[in-house]
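Below is one structure; the comments refer to it alone.
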Amino acid sequence: MAGPPASLSARDVGSFAYLSVKDRSPQILTKAIDTLHRHKSEFFEKHGEKGLEAEKKAISLLSKLRNELQTDKPIVPLVEKFVDTDIWNQYLEYQQSLLNESDGKPRWFLSPWLFVECYMYRRIHEAIIQSPPIDDFDIFKELKDQNFFESQESVITLCTHLQELRKTIDLDENQLKNEFLKVLQISLWGNKCDLSLSGGEHISQKTNIMNSLEDLKPFILVNDMDRLWSLLSNCKKTREEESVTRVDIVLDNSGFELITDLVLADFLLSSKLATKIHFYGKTIPWFVSDTTIHDFNWIIKQLKHSNNKWVSQCGVDWEDHIKTGRWVYVDHVFWTLPHEFSAMSQVAPDLYAALQKAHLIFFKGDLNYRKLTGDRRWEFTIPFHEALSGFHPAPLCSIRTLKAEVQVGLQPGQGEQLTASEPNWLTTGKYGVFQFDGPL
Ligand code: F6P
Ligand code: MG
């Protein structure tokens, strides 16, 4: 049997991976350097001269990184001693072992894009942790927070909708299903707001997303929402008293997208489709806008202190979900490693075992989709199950807008038709999927 197809890589000149490494990644590094500059006086106020020295050091490490990338230097091992340093360096050796002698060492414009892109974010983190006393500075924090503030109107709309729903939650089966489908779609389109695609340029949710759902439906290329409903409504019907239905959400971006995910999570509890939610976030700043525990707590606090009563009610309720253990936030270093998910059972067996306890797992966003499918040049019609390459901890569903050149599970001809009419359909975030893998 033939092995899996080749990885997406910047070695394919003109591909999205190539353009990302060539243009978008250096732009993100430049913005990161600029952010450090702008916080100079804050570092000084907090730490005196030491703060200024640290800022200089972090900037010089990031400039060096940008230069390595732009001149296609070999990927070098990580140097500091952090929890995941050894795993990273082993992975680097593994990448080296995949190369022919003539290729030399892993490099930015040669190695798999997934690997070099993750490596860039890990090196950004390295630059920061090597620069105490500013070693806990989240270089992307202000962008994430801005995205939240700029989406205020939509946040109010969503929180109001959710609180009104909660009052009338004794809906009949059909109404409940309709509302479930709505919160799912809100969470899908929330994924348009990722800041790494825009190179850190602001993109927030300004229009009323609730009114757009019908118009956006034609852009859902794979729609397994009915299967999600069947699975959860069946859990609800057959659940014995005191037993648990657990839904896990592997989070993606903070800001507006996180709100949409929390709305979904709250709805699952209040409708009793689930009784417990586990959230997984990132342990370090990642792909600009990804959620860390600080972002998660910060956003809930912001909501709680809002002037709008529905928004602040959401903050209060969500804090309560956390206090009572119905919502659990879980950290794991695996999510910021470069491995595809098919390696999880080997590299992070504890995490794999934890996911196996879920009744359903939602994987939010594009990067998770790339890791689910190994970020490879699959044919569009390959079944999702096959592209997962053995990763099946529990029934799972990718909720993702398309921002990278990988898509599987399409109907024959569907991908080709889209390519003919819209050459960039894979990377603009205009299209989305609910792609499910689980028992039929
Ligand atoms: O392609 C744009 C990009 O930066 C990809 O590198 C990455 O897959 C994606 O955006 C991140 O998007 P998301 O936040 O949806 O995972
Ligand atoms: Mg992201």
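The values are calculated or read from the model by the stated rules, or taken from the named source; none is laboratory data. Note that the coordinates shown come from a computational prediction; the quantities given were computed from them, not determined experimentally. Ideal geometry is used to build each Cβ from the backbone, glycine not excepted, and the neighbour counts take in all protein chains shown. Just so you know, the surface numbers come from the protein's heavy atoms only, side chains and all, with ligands and any DNA or RNA stripped out. Shrake-Rupley method; radii C 1.70, N 1.55, O 1.52, S 1.80 Å.
Picking from Gln90, Gln70, Gln356, which is most flexible by a Gaussian network model of the chain using Cα springs under 10 Å?
Gln90
With every protein chain present, what accessible area does Arg11 have (1.4 Å probe, heavy atoms only), rounded to the nearest 10 Å²?
Using a 1.4 Å probe on the heavy atoms, I get roughly 120 Å².
Tell me the carbon and sulfur percent of the accessible area for the range 310-366, rounded to whole percent, probe radius 1.4 Å.
Working: 1090 of 2100 Å².
The C+S portion of the solvent-accessible surface of the range 310-366 is 52 percent.
Roughly speaking, what % of Cα-Cα pairs in the range 290-427 are separated by over 27 Å, rounded to a whole number?
Numbers: 3558 of 9453 pairs.
More than 27 Å apart: 38 percent of the Cα pairs in the range 290-427.
Based on DSSP loop calls and a cut-off of at most 13 other Cβ atoms within 10 Å, the longest stretch of the chain free of exposed GluC sites (Glu not before Pro) is what?
Details: sites that count: Glu80, Glu201, Glu240, Glu241, Glu242, Glu379.
It works out to 243-378.
Build a GNM of the chain with springs between Cα atoms under 10 Å: which of Gln163, Gln417, Gln185 gets the top mean-square fluctuation?
Maximum among the listed residues: Gln417.
For the range 211-280, which chymotrypsin sites (Phe, Trp or Tyr not before Pro) are both in a DSSP coil and crowded by at most 10 other Cβ atoms within 10 Å? Spell out each step's value before the answer.
Working: sites: Phe219, Trp229, Phe256, Phe267, Phe279, Tyr280; in loops: none.
Of the chymotrypsin sites (Phe, Trp or Tyr not before Pro), not one in the loops of the range 211-280 has a Cβ with at most 10 other Cβ atoms within 10 Å.
Taking only protein heavy atoms and a 1.4 Å probe, what accessible area per residue, in Å², does the chain have with all protein chains in place? Each step should come with its number before you reach the end.
Values: 18590 Å² over 440 residues.
On a per-residue basis, the chain sits at 42 Å².
Could you work out the percent of alpha carbon pairs in the chain separated by over 43 Å, rounded to a whole number?
Values: 10930 of 96580 pairs.
Percent of Cα pairs beyond 43 Å in the chain: 11.
I want to verify a result. In a Gaussian network model of the chain, Cα cutoff 10 Å, which of these has the top mean-square fluctuation: Ser25, Ser233, Ser97?
Greatest mean-square fluctuation among the candidates belongs to Ser97.
Heavy atoms only, probe 1.4 Å: what % of the accessible area of the range 16-129 goes to carbon and sulfur, would you let me know? Mind showing how you got there, number by number?
On the way: 2990 of 5540 Å².
Exposed carbon and sulfur together represent 54 percent of the surface.
Whole-Hz Karplus ³J(HN,Hα) for the range 12-20, in order, using 6.51 cos²θ - 1.76 cosθ + 1.60 and θ = phi - 60°, x for Gly and Pro?
7, 4, x, 6, 5, 4, 4, 5, 5
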